[in-house]
1. Taking the stretch 198-229 on its own, how many of its residues are closer than 12 Å to LEU150 by Cβ and either part of a loop (DSSP other than H, G, I, E, B) or in contact with a Gly (Cβ under 7 Å, 6 or more places away or on another chain) (or both)?
2. Looking only at the stretch 213-270, count how many residues are more than 30 Å from PRO31 (Cβ to Cβ), under 34 Å from the mean Cα position of the chain (by Cα) and without any contact (Cβ under 8 Å) to a residue 40 or more places away in the chain.
3. Out of the helices (runs of 4 or more DSSP H) lying entirely within the stretch 377-470, which hold 1 or more residues that are closer than 26 Å to VAL485 by Cα and either in contact with a Gly (Cβ under 7 Å, 6 or more places away or on another chain) or at pLDDT below 90 (or both)?
4. Can you confirm whether PHE265 is part of a loop (DSSP other than H, G, I, E, B) and buried (at least 18 other Cβ atoms within 10 Å of the Cβ)?
5. Within the stretch 327-357, can you find the residues that are farther than 16 Å from LEU387 by Cα and touching a helix residue (DSSP H, G or I) at 6+ places or on another chain (Cβ under 7 Å)?
6. Do any residues in the stretch 134-163 that are free of Cβ contacts under 8 Å to residues at least 24 places away in the same chain have Cβ atoms under 7 Å from those of residues that are hydrophobic (A, V, I, L, M, F, W, C), where the two are at least six apart or on different chains, and which pairs are they?
7. From the list THR101, THR138, THR90, pick out the single residue that is crowded, with 16+ Cβ neighbours inside 10 Å, in contact with a helix residue (DSSP H, G or I) (Cβ under 9 Å, 6 or more places away or on another chain), among the β-branched types (Val, Ile, Thr) and more than 21 Å from PRO209 (Cβ to Cβ).
8. Could you check GLY36 against (1) loosely packed, with under 13 Cβ neighbours inside 10 Å; (2) in the same structural domain as PRO241 (by TED's automatic domain parsing); (3) at pLDDT 55 or above and say which number it fails?
Amino acid sequence: MFPNRKGVSSGSEAKHDPMLTYVIRRLLLLPLTLLGIVLINFAIINLAPGDPVTQTEVTDQGSATRREDSSVAFGSDERYLQMREHFGLTLPILINTWPWTSEQRVLDDIWSLVYRKSDPEASEEISVRSYESLRIRTGDRARFVMPQLLAIVQDEYEDIAIRAMASRFFARGGTRQAALGPGISAEEKKDNRTIAIDNTLLRTLVISPTDPVDVVEAKAQEITTWYALKWEAMDFQPTWPQRLKMLFFETRLCRYLSRILTLDFGTLRNDDTKTVISEVTKRFKYSLTLAVLPMCITFVLCQVFGFWMAYKQNRLPDISLNVLFLVLYAIPIFVVAPFLIEEIGLNGRFPFTDTPIPYSGFTSKESIYESMTSSQRLFDVLQHIFLPLIAITYGSLAAQSRLSRTAVLEVLRQDYVRTARAKGVPPFTVLYRHVGRNAAITIVTSIAGSLGVVLGGSLIVETLFEINGFGKFFYDAVINWDYNVIMFSALAGSLLTLVGYLLADLAYTVLDPRVTLD
(Lines give C-alpha, C1' and ligand atoms only; values in the text may rest on other atoms or scores of the structure.)
Protein backbone atom coordinates (compact mmCIF):
# COMPACT_ATOMS: atom_id res chain seq x y z
CA MET A 1 0.00 0.00 0.00
CA PHE A 2 1.31 3.39 -0.99
CA PRO A 3 -0.07 6.61 0.50
CA ASN A 4 -1.81 9.11 -1.76
CA ARG A 5 0.29 12.21 -2.25
CA LYS A 6 -1.57 15.47 -2.41
CA GLY A 7 -0.91 17.72 -5.36
CA VAL A 8 -0.06 14.85 -7.69
CA SER A 9 -2.74 14.23 -10.29
CA SER A 10 -3.39 10.75 -11.55
CA GLY A 11 -2.81 9.86 -15.18
CA SER A 12 -6.52 9.25 -15.71
CA GLU A 13 -7.45 12.85 -14.90
CA ALA A 14 -7.94 14.92 -18.04
CA LYS A 15 -6.15 18.21 -18.29
CA HIS A 16 -8.48 21.16 -18.30
CA ASP A 17 -7.92 23.69 -21.07
CA PRO A 18 -10.17 26.74 -20.45
CA MET A 19 -9.63 28.17 -23.92
CA LEU A 20 -10.46 24.92 -25.70
CA THR A 21 -13.54 24.43 -23.52
CA TYR A 22 -14.68 27.97 -24.22
CA VAL A 23 -14.19 27.59 -27.99
CA ILE A 24 -16.11 24.31 -28.05
CA ARG A 25 -18.95 25.83 -26.04
CA ARG A 26 -19.18 28.82 -28.37
CA LEU A 27 -19.07 26.61 -31.46
CA LEU A 28 -21.91 24.49 -30.07
CA LEU A 29 -24.00 27.61 -29.49
CA LEU A 30 -23.22 28.93 -32.97
CA PRO A 31 -25.85 26.83 -34.85
CA LEU A 32 -28.57 27.81 -32.37
CA THR A 33 -27.68 31.48 -32.72
CA LEU A 34 -27.67 31.23 -36.50
CA LEU A 35 -31.03 29.43 -36.41
CA GLY A 36 -32.53 32.31 -34.44
CA ILE A 37 -31.08 34.83 -36.90
CA VAL A 38 -32.43 32.83 -39.86
CA LEU A 39 -35.90 32.65 -38.29
CA ILE A 40 -36.05 36.40 -37.72
CA ASN A 41 -34.76 37.30 -41.19
CA PHE A 42 -36.93 34.68 -42.87
CA ALA A 43 -40.07 35.94 -41.15
CA ILE A 44 -39.33 39.58 -41.99
CA ILE A 45 -38.57 38.85 -45.65
CA ASN A 46 -41.59 36.60 -46.18
CA LEU A 47 -44.03 38.85 -44.33
CA ALA A 48 -42.94 41.90 -46.33
CA PRO A 49 -45.37 42.95 -49.10
CA GLY A 50 -44.64 41.60 -52.57
CA ASP A 51 -42.56 38.64 -53.74
CA PRO A 52 -39.79 37.85 -56.24
CA VAL A 53 -42.22 37.78 -59.18
CA THR A 54 -43.71 41.18 -58.42
CA GLN A 55 -42.85 43.48 -61.28
CA THR A 56 -41.44 46.96 -60.88
CA GLU A 57 -42.62 49.67 -63.22
CA VAL A 58 -41.71 53.35 -63.56
CA THR A 59 -44.51 55.79 -64.24
CA ASP A 60 -44.32 58.85 -66.48
CA GLN A 61 -43.76 60.94 -63.37
CA GLY A 62 -40.70 58.88 -62.44
CA SER A 63 -42.15 57.06 -59.43
CA ALA A 64 -41.74 53.30 -59.02
CA THR A 65 -44.78 51.05 -58.70
CA ARG A 66 -45.11 47.30 -58.25
CA ARG A 67 -47.80 45.12 -59.76
CA GLU A 68 -48.64 41.47 -60.24
CA ASP A 69 -50.10 39.75 -63.25
CA SER A 70 -53.88 39.57 -63.20
CA SER A 71 -53.87 35.83 -63.75
CA VAL A 72 -51.34 34.89 -61.13
CA ALA A 73 -53.62 32.88 -58.88
CA PHE A 74 -55.36 30.87 -61.56
CA GLY A 75 -52.37 29.30 -63.24
CA SER A 76 -52.61 30.78 -66.72
CA ASP A 77 -49.25 32.47 -66.24
CA GLU A 78 -46.88 29.47 -66.25
CA ARG A 79 -43.81 31.63 -65.72
CA TYR A 80 -45.35 33.12 -62.59
CA LEU A 81 -46.22 29.69 -61.17
CA GLN A 82 -42.75 28.36 -61.93
CA MET A 83 -41.20 31.24 -60.04
CA ARG A 84 -43.52 30.87 -57.04
CA GLU A 85 -42.99 27.12 -56.87
CA HIS A 86 -39.24 27.55 -57.32
CA PHE A 87 -39.00 29.92 -54.35
CA GLY A 88 -41.51 27.95 -52.26
CA LEU A 89 -43.91 30.90 -52.13
CA THR A 90 -46.98 28.74 -52.63
CA LEU A 91 -46.59 27.32 -49.12
CA PRO A 92 -47.49 28.83 -45.72
CA ILE A 93 -44.60 30.50 -43.92
CA LEU A 94 -44.36 28.63 -40.59
CA ILE A 95 -47.32 26.25 -40.11
CA ASN A 96 -49.51 24.59 -42.74
CA THR A 97 -53.14 24.21 -41.64
CA TRP A 98 -54.55 24.11 -45.19
CA PRO A 99 -55.25 20.32 -45.23
CA TRP A 100 -57.88 20.95 -42.52
CA THR A 101 -59.81 23.50 -44.64
CA SER A 102 -63.50 22.62 -44.86
CA GLU A 103 -65.49 22.37 -48.08
CA GLN A 104 -67.78 25.19 -46.91
CA ARG A 105 -64.78 27.49 -46.42
CA VAL A 106 -63.52 26.70 -49.92
CA LEU A 107 -67.00 27.31 -51.34
CA ASP A 108 -67.33 30.63 -49.53
CA ASP A 109 -63.98 31.82 -50.88
CA ILE A 110 -64.87 30.84 -54.43
CA TRP A 111 -68.23 32.56 -54.11
CA SER A 112 -66.46 35.75 -52.98
CA LEU A 113 -64.11 35.54 -55.95
CA VAL A 114 -66.96 35.07 -58.42
CA TYR A 115 -69.26 37.79 -57.07
CA ARG A 116 -66.58 40.03 -55.49
CA LYS A 117 -68.44 40.23 -52.18
CA SER A 118 -67.60 38.97 -48.73
CA ASP A 119 -71.07 37.42 -48.30
CA PRO A 120 -74.53 37.52 -50.00
CA GLU A 121 -75.79 40.23 -47.61
CA ALA A 122 -72.88 42.57 -48.33
CA SER A 123 -73.87 45.71 -50.25
CA GLU A 124 -70.37 46.67 -51.43
CA GLU A 125 -67.71 44.78 -53.34
CA ILE A 126 -64.53 43.77 -51.56
CA SER A 127 -61.48 45.94 -52.20
CA VAL A 128 -59.07 45.17 -55.01
CA ARG A 129 -56.29 44.42 -52.54
CA SER A 130 -58.48 41.99 -50.58
CA TYR A 131 -59.64 40.36 -53.79
CA GLU A 132 -56.08 39.83 -55.04
CA SER A 133 -54.97 38.49 -51.66
CA LEU A 134 -57.87 36.04 -51.52
CA ARG A 135 -57.27 34.89 -55.07
CA ILE A 136 -53.59 34.22 -54.54
CA ARG A 137 -54.18 32.48 -51.19
CA THR A 138 -56.90 30.29 -52.68
CA GLY A 139 -54.67 29.36 -55.59
CA ASP A 140 -51.75 28.47 -53.33
CA ARG A 141 -54.03 26.40 -51.10
CA ALA A 142 -55.57 24.48 -54.01
CA ARG A 143 -53.17 21.52 -53.85
CA PHE A 144 -54.26 20.80 -50.26
CA VAL A 145 -58.03 21.05 -50.85
CA MET A 146 -58.42 19.03 -54.06
CA PRO A 147 -61.26 16.79 -52.69
CA GLN A 148 -63.25 19.90 -51.69
CA LEU A 149 -62.72 21.48 -55.11
CA LEU A 150 -63.71 18.25 -56.84
CA ALA A 151 -66.94 18.08 -54.81
CA ILE A 152 -67.87 21.61 -55.94
CA VAL A 153 -67.08 20.79 -59.58
CA GLN A 154 -69.24 17.63 -59.40
CA ASP A 155 -72.24 19.39 -57.81
CA GLU A 156 -74.68 19.68 -60.71
CA TYR A 157 -76.99 21.89 -58.66
CA GLU A 158 -74.27 24.50 -58.11
CA ASP A 159 -74.05 27.66 -60.22
CA ILE A 160 -71.95 27.09 -63.35
CA ALA A 161 -69.83 30.17 -62.56
CA ILE A 162 -68.94 28.66 -59.19
CA ARG A 163 -68.14 25.27 -60.76
CA ALA A 164 -66.04 27.00 -63.42
CA MET A 165 -64.03 28.88 -60.83
CA ALA A 166 -63.55 25.68 -58.79
CA SER A 167 -62.31 23.86 -61.92
CA ARG A 168 -59.69 26.54 -62.49
CA PHE A 169 -58.39 26.18 -58.97
CA PHE A 170 -58.56 22.38 -59.35
CA ALA A 171 -56.30 22.70 -62.40
CA ARG A 172 -54.00 24.92 -60.37
CA GLY A 173 -53.82 22.37 -57.53
CA GLY A 174 -53.09 19.49 -59.92
CA THR A 175 -50.47 21.42 -61.89
CA ARG A 176 -46.93 20.33 -61.13
CA GLN A 177 -43.79 22.24 -61.98
CA ALA A 178 -40.99 20.70 -63.97
CA ALA A 179 -37.51 20.30 -62.54
CA LEU A 180 -35.43 23.39 -63.25
CA GLY A 181 -31.79 24.36 -63.10
CA PRO A 182 -28.53 22.84 -64.31
CA GLY A 183 -27.69 19.14 -64.11
CA ILE A 184 -31.18 17.68 -64.67
CA SER A 185 -31.00 13.87 -64.69
CA ALA A 186 -32.54 11.58 -67.31
CA GLU A 187 -35.21 10.50 -64.81
CA GLU A 188 -36.14 14.12 -64.14
CA LYS A 189 -36.39 14.79 -67.87
CA LYS A 190 -38.76 11.83 -68.18
CA ASP A 191 -40.86 13.16 -65.29
CA ASN A 192 -40.90 16.58 -66.94
CA ARG A 193 -42.51 15.11 -70.05
CA THR A 194 -45.18 13.40 -67.95
CA ILE A 195 -45.79 16.62 -66.02
CA ALA A 196 -46.17 18.57 -69.28
CA ILE A 197 -48.82 16.11 -70.54
CA ASP A 198 -50.78 16.26 -67.27
CA ASN A 199 -50.63 20.04 -67.10
CA THR A 200 -51.85 20.39 -70.68
CA LEU A 201 -54.74 18.00 -69.99
CA LEU A 202 -55.80 19.91 -66.87
CA ARG A 203 -55.90 23.18 -68.81
CA THR A 204 -58.25 21.65 -71.39
CA LEU A 205 -60.58 20.46 -68.62
CA VAL A 206 -61.14 23.93 -67.13
CA ILE A 207 -64.84 24.79 -67.29
CA SER A 208 -65.94 28.07 -68.84
CA PRO A 209 -69.05 29.86 -67.53
CA THR A 210 -70.29 29.99 -71.14
CA ASP A 211 -70.00 26.22 -71.73
CA PRO A 212 -73.25 24.34 -72.42
CA VAL A 213 -74.54 22.08 -69.67
CA ASP A 214 -73.54 18.89 -71.48
CA VAL A 215 -69.97 20.18 -71.96
CA VAL A 216 -69.80 21.16 -68.28
CA GLU A 217 -70.90 17.68 -67.20
CA ALA A 218 -68.47 16.01 -69.62
CA LYS A 219 -65.55 18.05 -68.27
CA ALA A 220 -66.63 17.35 -64.69
CA GLN A 221 -66.61 13.62 -65.47
CA GLU A 222 -63.16 13.81 -67.04
CA ILE A 223 -61.88 15.74 -64.02
CA THR A 224 -63.30 13.01 -61.77
CA THR A 225 -61.56 10.33 -63.85
CA TRP A 226 -58.24 12.17 -63.72
CA TYR A 227 -58.56 12.59 -59.96
CA ALA A 228 -59.27 8.87 -59.46
CA LEU A 229 -56.01 8.05 -61.24
CA LYS A 230 -53.85 10.62 -59.45
CA TRP A 231 -55.18 11.18 -55.92
CA GLU A 232 -53.12 8.47 -54.22
CA ALA A 233 -49.82 9.21 -55.96
CA MET A 234 -50.13 12.95 -55.35
CA ASP A 235 -51.42 12.68 -51.74
CA PHE A 236 -54.64 14.59 -52.43
CA GLN A 237 -56.35 12.75 -49.54
CA PRO A 238 -53.70 12.68 -46.80
CA THR A 239 -54.13 10.54 -43.72
CA TRP A 240 -53.87 12.04 -40.25
CA PRO A 241 -50.17 11.20 -39.92
CA GLN A 242 -49.59 12.75 -43.34
CA ARG A 243 -51.51 15.87 -42.30
CA LEU A 244 -49.43 16.22 -39.17
CA LYS A 245 -46.32 15.92 -41.32
CA MET A 246 -47.65 18.61 -43.67
CA LEU A 247 -48.41 20.84 -40.68
CA PHE A 248 -44.72 21.34 -39.97
CA PHE A 249 -42.80 20.18 -43.03
CA GLU A 250 -44.88 21.53 -45.94
CA THR A 251 -43.91 25.13 -45.14
CA ARG A 252 -41.59 27.74 -46.60
CA LEU A 253 -39.35 27.69 -43.53
CA CYS A 254 -38.90 23.92 -43.47
CA ARG A 255 -38.16 23.81 -47.18
CA TYR A 256 -35.55 26.54 -46.82
CA LEU A 257 -33.89 24.97 -43.77
CA SER A 258 -33.73 21.58 -45.50
CA ARG A 259 -31.85 23.25 -48.34
CA ILE A 260 -29.32 25.22 -46.31
CA LEU A 261 -28.54 22.18 -44.15
CA THR A 262 -27.17 20.62 -47.35
CA LEU A 263 -25.45 23.93 -48.24
CA ASP A 264 -27.86 24.44 -51.12
CA PHE A 265 -28.53 28.18 -51.20
CA GLY A 266 -30.46 28.07 -54.47
CA THR A 267 -30.03 29.87 -57.76
CA LEU A 268 -30.38 33.46 -58.88
CA ARG A 269 -33.85 34.80 -59.50
CA ASN A 270 -33.16 35.83 -63.08
CA ASP A 271 -30.93 32.91 -64.08
CA ASP A 272 -31.55 29.34 -62.92
CA THR A 273 -28.18 28.22 -64.32
CA LYS A 274 -26.23 30.34 -61.81
CA THR A 275 -26.09 29.33 -58.17
CA VAL A 276 -25.76 31.81 -55.32
CA ILE A 277 -22.55 30.18 -54.12
CA SER A 278 -20.89 30.41 -57.55
CA GLU A 279 -21.78 34.10 -57.91
CA VAL A 280 -20.56 34.89 -54.40
CA THR A 281 -17.32 33.01 -55.05
CA LYS A 282 -16.66 35.13 -58.15
CA ARG A 283 -16.86 38.31 -56.06
CA PHE A 284 -15.14 36.99 -52.94
CA LYS A 285 -11.63 38.23 -53.71
CA TYR A 286 -12.87 41.76 -54.43
CA SER A 287 -14.90 42.31 -51.29
CA LEU A 288 -12.49 40.34 -49.09
CA THR A 289 -9.66 42.65 -50.15
CA LEU A 290 -11.76 45.79 -49.74
CA ALA A 291 -12.91 44.70 -46.28
CA VAL A 292 -9.97 43.01 -44.56
CA LEU A 293 -7.21 45.29 -45.86
CA PRO A 294 -8.88 48.54 -44.68
CA MET A 295 -9.64 46.81 -41.37
CA CYS A 296 -5.96 45.99 -40.81
CA ILE A 297 -4.81 49.42 -41.96
CA THR A 298 -7.32 51.08 -39.66
CA PHE A 299 -6.27 48.97 -36.67
CA VAL A 300 -2.59 49.89 -37.06
CA LEU A 301 -2.99 53.57 -37.92
CA CYS A 302 -5.67 54.27 -35.31
CA GLN A 303 -3.33 52.92 -32.66
CA VAL A 304 -0.54 55.21 -33.87
CA PHE A 305 -2.75 58.30 -34.02
CA GLY A 306 -4.52 57.39 -30.78
CA PHE A 307 -1.24 57.08 -28.89
CA TRP A 308 0.11 60.30 -30.35
CA MET A 309 -3.03 62.29 -29.49
CA ALA A 310 -3.15 60.84 -25.97
CA TYR A 311 0.54 61.48 -25.40
CA LYS A 312 0.09 65.09 -26.59
CA GLN A 313 -3.23 65.57 -24.81
CA ASN A 314 -4.67 69.11 -25.05
CA ARG A 315 -1.67 70.27 -27.07
CA LEU A 316 -1.49 71.35 -30.70
CA PRO A 317 -1.04 67.83 -32.24
CA ASP A 318 -3.94 66.49 -30.21
CA ILE A 319 -6.28 69.38 -31.00
CA SER A 320 -5.41 69.54 -34.70
CA LEU A 321 -5.79 65.77 -35.25
CA ASN A 322 -9.06 65.76 -33.31
CA VAL A 323 -10.45 68.49 -35.53
CA LEU A 324 -9.17 66.76 -38.67
CA PHE A 325 -10.72 63.40 -37.74
CA LEU A 326 -13.98 65.05 -36.76
CA VAL A 327 -14.18 66.72 -40.19
CA LEU A 328 -13.27 63.49 -42.00
CA TYR A 329 -15.88 61.54 -40.06
CA ALA A 330 -18.54 64.10 -40.99
CA ILE A 331 -17.85 63.96 -44.74
CA PRO A 332 -20.04 61.28 -46.40
CA ILE A 333 -18.47 58.70 -48.65
CA PHE A 334 -20.62 59.67 -51.64
CA VAL A 335 -18.85 63.05 -51.56
CA VAL A 336 -15.32 61.74 -51.06
CA ALA A 337 -15.44 58.99 -53.70
CA PRO A 338 -16.38 61.28 -56.65
CA PHE A 339 -13.85 63.84 -55.41
CA LEU A 340 -11.08 61.23 -55.48
CA ILE A 341 -12.05 60.19 -59.00
CA GLU A 342 -12.30 63.70 -60.44
CA GLU A 343 -9.46 65.45 -58.63
CA ILE A 344 -6.95 62.62 -58.19
CA GLY A 345 -7.87 59.77 -60.51
CA LEU A 346 -8.47 61.72 -63.73
CA ASN A 347 -5.10 62.62 -65.25
CA GLY A 348 -3.43 61.94 -61.88
CA ARG A 349 -0.07 60.25 -61.35
CA PHE A 350 1.45 58.42 -58.42
CA PRO A 351 4.01 60.62 -56.62
CA PHE A 352 7.50 60.62 -58.14
CA THR A 353 6.40 58.39 -61.05
CA ASP A 354 4.73 58.67 -64.42
CA THR A 355 2.28 55.86 -63.56
CA PRO A 356 -1.34 57.01 -63.95
CA ILE A 357 -3.69 56.39 -61.02
CA PRO A 358 -6.45 53.92 -62.03
CA TYR A 359 -9.95 54.89 -60.97
CA SER A 360 -12.05 51.96 -62.22
CA GLY A 361 -11.93 48.20 -61.90
CA PHE A 362 -10.05 45.89 -59.57
CA THR A 363 -7.35 45.04 -62.12
CA SER A 364 -6.30 46.03 -65.61
CA LYS A 365 -8.09 44.55 -68.62
CA GLU A 366 -8.14 40.77 -68.56
CA SER A 367 -5.94 40.45 -71.66
CA ILE A 368 -3.27 42.60 -70.00
CA TYR A 369 -3.65 41.14 -66.52
CA GLU A 370 -3.29 37.52 -67.70
CA SER A 371 0.08 38.28 -69.31
CA MET A 372 1.58 39.68 -66.07
CA THR A 373 3.80 37.88 -63.61
CA SER A 374 2.69 37.35 -60.00
CA SER A 375 4.55 40.39 -58.70
CA GLN A 376 3.20 42.53 -61.53
CA ARG A 377 -0.35 41.38 -60.78
CA LEU A 378 0.05 42.26 -57.10
CA PHE A 379 1.36 45.71 -58.00
CA ASP A 380 -1.45 46.15 -60.53
CA VAL A 381 -4.11 45.31 -57.91
CA LEU A 382 -2.53 47.69 -55.40
CA GLN A 383 -2.63 50.48 -57.98
CA HIS A 384 -6.30 49.89 -58.76
CA ILE A 385 -7.44 49.68 -55.14
CA PHE A 386 -5.46 52.74 -54.03
CA LEU A 387 -8.37 55.17 -54.36
CA PRO A 388 -11.08 52.70 -53.18
CA LEU A 389 -9.04 51.99 -50.05
CA ILE A 390 -8.84 55.68 -49.26
CA ALA A 391 -12.61 56.04 -49.78
CA ILE A 392 -13.35 53.08 -47.49
CA THR A 393 -10.72 53.72 -44.81
CA TYR A 394 -10.91 57.43 -44.01
CA GLY A 395 -14.22 57.33 -42.11
CA SER A 396 -13.42 54.29 -39.97
CA LEU A 397 -9.89 55.58 -39.32
CA ALA A 398 -11.28 58.89 -38.05
CA ALA A 399 -13.72 57.16 -35.69
CA GLN A 400 -11.33 54.48 -34.45
CA SER A 401 -8.48 56.97 -33.85
CA ARG A 402 -10.65 59.05 -31.53
CA LEU A 403 -11.77 55.87 -29.79
CA SER A 404 -8.15 54.74 -29.45
CA ARG A 405 -7.21 58.11 -27.94
CA THR A 406 -9.90 57.70 -25.27
CA ALA A 407 -8.78 54.13 -24.51
CA VAL A 408 -5.13 55.14 -24.17
CA LEU A 409 -5.98 58.05 -21.87
CA GLU A 410 -7.99 55.73 -19.66
CA VAL A 411 -5.13 53.24 -19.39
CA LEU A 412 -2.56 55.98 -18.73
CA ARG A 413 -4.49 56.92 -15.58
CA GLN A 414 -4.24 53.39 -14.14
CA ASP A 415 -2.13 52.75 -11.04
CA TYR A 416 0.11 50.15 -12.65
CA VAL A 417 1.17 52.70 -15.29
CA ARG A 418 2.06 55.25 -12.60
CA THR A 419 3.98 52.55 -10.75
CA ALA A 420 5.95 51.62 -13.89
CA ARG A 421 6.85 55.25 -14.47
CA ALA A 422 7.88 55.70 -10.83
CA LYS A 423 10.23 52.73 -11.13
CA GLY A 424 11.97 54.44 -14.02
CA VAL A 425 10.71 52.22 -16.83
CA PRO A 426 11.50 53.86 -20.19
CA PRO A 427 8.49 55.72 -21.71
CA PHE A 428 8.46 53.57 -24.85
CA THR A 429 8.36 50.39 -22.78
CA VAL A 430 5.49 51.78 -20.69
CA LEU A 431 3.53 52.67 -23.79
CA TYR A 432 4.22 49.41 -25.61
CA ARG A 433 4.02 46.84 -22.84
CA HIS A 434 1.63 48.34 -20.33
CA VAL A 435 -0.54 50.77 -22.27
CA GLY A 436 -0.62 49.43 -25.80
CA ARG A 437 -1.86 45.92 -25.11
CA ASN A 438 -4.58 47.08 -22.71
CA ALA A 439 -5.76 49.95 -24.90
CA ALA A 440 -5.93 47.64 -27.92
CA ILE A 441 -8.72 45.66 -26.26
CA THR A 442 -11.20 48.47 -26.90
CA ILE A 443 -10.21 48.66 -30.57
CA VAL A 444 -10.39 44.89 -30.98
CA THR A 445 -13.94 44.94 -29.61
CA SER A 446 -14.93 47.69 -32.00
CA ILE A 447 -13.38 46.07 -35.07
CA ALA A 448 -14.45 42.48 -34.28
CA GLY A 449 -18.03 43.08 -35.36
CA SER A 450 -16.81 44.51 -38.66
CA LEU A 451 -15.87 41.07 -39.99
CA GLY A 452 -19.47 40.66 -41.14
CA VAL A 453 -19.04 43.47 -43.66
CA VAL A 454 -16.82 41.21 -45.76
CA LEU A 455 -20.01 40.00 -47.45
CA GLY A 456 -21.64 43.42 -47.34
CA GLY A 457 -19.14 45.29 -49.42
CA SER A 458 -19.44 48.98 -50.09
CA LEU A 459 -22.21 49.76 -52.55
CA ILE A 460 -21.12 53.33 -53.29
CA VAL A 461 -17.41 52.53 -53.64
CA GLU A 462 -17.99 49.45 -55.77
CA THR A 463 -20.45 51.29 -57.99
CA LEU A 464 -18.36 54.41 -58.54
CA PHE A 465 -15.09 52.53 -58.99
CA GLU A 466 -16.76 49.82 -61.12
CA ILE A 467 -15.71 46.92 -58.89
CA ASN A 468 -17.85 43.81 -59.17
CA GLY A 469 -18.11 43.09 -55.44
CA PHE A 470 -20.75 42.03 -52.95
CA GLY A 471 -22.16 45.50 -52.30
CA LYS A 472 -23.65 45.95 -55.76
CA PHE A 473 -24.56 42.26 -55.93
CA PHE A 474 -26.63 42.28 -52.74
CA TYR A 475 -28.15 45.67 -53.54
CA ASP A 476 -29.42 44.29 -56.86
CA ALA A 477 -30.77 41.26 -54.97
CA VAL A 478 -32.85 43.51 -52.70
CA ILE A 479 -34.20 45.48 -55.67
CA ASN A 480 -35.05 42.27 -57.56
CA TRP A 481 -36.54 40.49 -54.53
CA ASP A 482 -34.00 37.69 -54.90
CA TYR A 483 -34.80 35.81 -51.70
CA ASN A 484 -31.99 33.29 -52.07
CA VAL A 485 -29.29 35.96 -52.28
CA ILE A 486 -30.83 38.07 -49.49
CA MET A 487 -31.07 35.13 -47.10
CA PHE A 488 -27.53 34.01 -47.92
CA SER A 489 -26.29 37.53 -47.25
CA ALA A 490 -28.00 37.62 -43.84
CA LEU A 491 -26.81 34.13 -42.90
CA ALA A 492 -23.19 34.53 -44.05
CA GLY A 493 -22.88 38.04 -42.60
CA SER A 494 -24.19 36.84 -39.24
CA LEU A 495 -21.83 33.87 -39.25
CA LEU A 496 -18.81 36.08 -39.95
CA THR A 497 -19.87 38.54 -37.24
CA LEU A 498 -20.16 35.74 -34.66
CA VAL A 499 -16.77 34.38 -35.70
CA GLY A 500 -15.35 37.90 -35.35
CA TYR A 501 -16.59 38.19 -31.79
CA LEU A 502 -15.18 34.74 -30.99
CA LEU A 503 -11.77 35.78 -32.32
CA ALA A 504 -12.01 38.99 -30.30
CA ASP A 505 -12.62 37.01 -27.10
CA LEU A 506 -9.56 34.89 -27.82
CA ALA A 507 -7.54 38.02 -28.55
CA TYR A 508 -8.45 39.41 -25.11
CA THR A 509 -6.56 36.58 -23.43
CA VAL A 510 -3.46 37.36 -25.51
CA LEU A 511 -3.59 41.10 -24.92
CA ASP A 512 -4.43 40.94 -21.22
CA PRO A 513 -3.25 37.92 -19.15
CA ARG A 514 -5.77 38.86 -16.45
CA VAL A 515 -8.63 37.87 -18.77
CA THR A 516 -9.57 34.20 -18.54
CA LEU A 517 -12.15 32.16 -20.41
CA ASP A 518 -13.28 30.05 -17.43
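The values are calculated or read from the model by the stated rules, or taken from the named source; none is laboratory data. Owing to the predicted nature of the structure, the values given are computational and were not obtained by experimental measurement. Here the Cβ positions follow ideal geometry from the backbone for every residue, glycine too, while neighbour counts run over all protein chains shown.
1. Adding up the residues that qualify gives 1.
2. Count: 1.
3. Fully inside the stretch 377-470 and qualifying: 386-412, 437-448, 459-464.
4. yes
5. TYR329
6. GLU158/ILE152
7. Testing whether each residue is crowded, with 16+ Cβ neighbours inside 10 Å, in contact with a helix residue (DSSP H, G or I) (Cβ under 9 Å, 6 or more places away or on another chain), among the β-branched types (Val, Ile, Thr) and more than 21 Å from PRO209 (Cβ to Cβ) leaves just THR90.
8. Of everything listed in (1) loosely packed, with under 13 Cβ neighbours inside 10 Å; (2) in the same structural domain as PRO241 (by TED's automatic domain parsing); (3) at pLDDT 55 or above, GLY36 misses just condition (2).
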